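As structure tokens, the structure follows; a few thoughts come after it.
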Amino acid sequence: MQSAKIKKDESFLGKLGGTLARKKKSKEVSDLQEEGKNAIITSMQPSCAELLPEDTLLEENAERSILDPTSRENPKFKDLQKVLIDWVNSELVEDRIIVKDLEEDLYDGQVLQKLFEKLSQRKLNVAEVTQSEIGQKQKLQTVLEAVNDVLRPEGWSVEWGVDSIHSKNLVAIVYLLVTLAMHFQAPIRLPEHVSVQVVVVKKKEGLLHTSHVTKELTTTTEMMMGRFERDAFDTLLDHAPDKLNVVKTSLITFVNKHLNKLNLEVTELESQFADGVYLVLLMGLLEDYFVPLYNFYLTPESYEQKVHNVAFAFELMQDGGLKKPKARPEDVVNLNLKSTLRVLYNLFTNYKNSE
């Protein structure tokens, strides 16, 4: 009987142990499946370094867009930001406002208010300085309503809002500035074909789902310039492209008339003006002054030195009463023929009677 009892206990314990083992194994399998599921979901989401706390605290069916880190480092995107920063600073120089970072300096509505007032020549009824988040969003609301009232009737697509601007969404801020620049015919040259990758995070059934979307910020110069005031050079290219060689010959004759005074001669417009040296010397000859050699690089070797020279020549043009060239210094340095011709044609129309 004692032996039978022991066997019965062993049998019971064996069954119990087997049941516990099966439950443990079942739990391990369940945990493994859950871990696999989480791994799949996590792999579809941006890394933790890309997500801010507010990006994960979304309400059901709400979404937030985040700039992909690789796009943030895109040289063309950085170039576009620099062009926009320089433009904003030139517009607001009388207000002694200096923008260094689009995300940090434009999110509260203060700079956007001043910029829109300057461009539209209208005064907005908003508080000058607002420190609280509520006050900043109220100002942004007023400013963006005024901006949208101007842009929407003209067919512009609104790709920004109070929340996106105030949350320092760089893509939304750049979208807004690019649209304002085109609408108000800013005298700047926007880089062509600038696109960025945006990660869209959406909460559905308690889980975050992500997708990648390409946002086109700028197109071709011709398409963007279609919104700008067209000049005589645009008309010439559009309606008489066959006369381009005639125009180039006329421009070569014009520049050599003055550069010959320094025993210099140009035969190729796009290449010989690319380092900015001839542009600087030409401006000195047209305005009848000597340009000190320490102001520019007489024999530039690097890309940066060439850009410096062309940018300096542009400054001399503005000092001479000309409008800021629509071309960018980088366009001329990069042998963009249309940009170089545009700059020279502008000089030709203003100085063609100079001796």
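Specify whether the C-alpha gyration tensor of region 136-225 places it in the rounded, prolate or oblate class, a ≥ b ≥ c being the square roots of the eigenvalues: rounded for a/c under 1.5, otherwise prolate if a/b is larger than b/c and oblate if not.
Details: a/c = 2.46, a/b = 1.31, b/c = 1.87.
Oblate, because a/c is 1.5 or more while a/b does not exceed b/c.
Once you put a point 7 Å from the Cα of Ile98 and another 7 Å from the Cα of Arg122, both along the Cβ direction, what distance in nm separates them?
Here the answer is 3.3 nm between the modelled labels.
Keeping every protein chain present and rolling a 1.4 Å probe, give me the accessible area per residue for region 110-151 in Å².
Working: 2210 Å² over 42 residues.
About 53 Å² of surface per residue is accessible.
Determine how large the accessible area of Ser302 is when every protein chain is in place; take a 1.4 Å probe and give Å² rounded to the nearest 10.
Spelled out: Ser302, probe radius 1.4 Å, area about 40 Å².
What pairs in Lys139/Lys168; Lys76/Lys100; Lys243/Lys306; Lys100/Lys123; Lys78/Lys215; Lys306/Lys326 have C-alpha atoms more than 21 Å from each other? Walk me through the intermediate numbers first.
Details: Lys139/Lys168 15 Å; Lys76/Lys100 18 Å; Lys243/Lys306 30 Å; Lys100/Lys123 25 Å; Lys78/Lys215 15 Å; Lys306/Lys326 18 Å.
From the list (Lys139/Lys168; Lys76/Lys100; Lys243/Lys306; Lys100/Lys123; Lys78/Lys215; Lys306/Lys326), the Cα-Cα distance tops 21 Å for Lys243/Lys306; Lys100/Lys123.
Could you grab the relative contact order for region 86-213? Cα pairs under 8 Å, six or more apart, rounded to a whole percent. Don't skip to the end; give the middle numbers.
Numbers: 106 pairs, mean separation 26.4, N = 128.
Once normalised by length, the contact order is 21 percent.
At what distance in nm do the modelled label points of Asn263 and Trp156 sit from each other, each positioned 7 Å from its Cα along Cα→Cβ?
5.4 nm
With a ≥ b ≥ c the root eigenvalues of the C-alpha gyration tensor of region 252-355, is it rounded (a/c under 1.5), prolate (a/b larger than b/c) or oblate? The partial results should precede the final answer.
Details: a/c = 1.27, a/b = 1.17, b/c = 1.08.
Rounded.
Could you do me a favour and compute the accessible area per residue for region 261-326, 1.4 Å probe, result in Å²? Mind dumping the intermediate values first?
On the way: 3680 Å² over 66 residues.
That works out to 56 Å² per residue.
The values are calculated or read from the model by the stated rules, or taken from the named source; none is laboratory data. Small disclaimer: the values here were computed from a predicted structure and weren't measured. Methodologically, a virtual Cβ is constructed for each residue, glycine included, from the backbone with ideal geometry; neighbour enumeration extends over all protein chains shown. Each accessible area value is taken on the protein alone, full model and side chains, heavy atoms only, with ligands, DNA and RNA left out. Shrake-Rupley method; radii C 1.70, N 1.55, O 1.52, S 1.80 Å.
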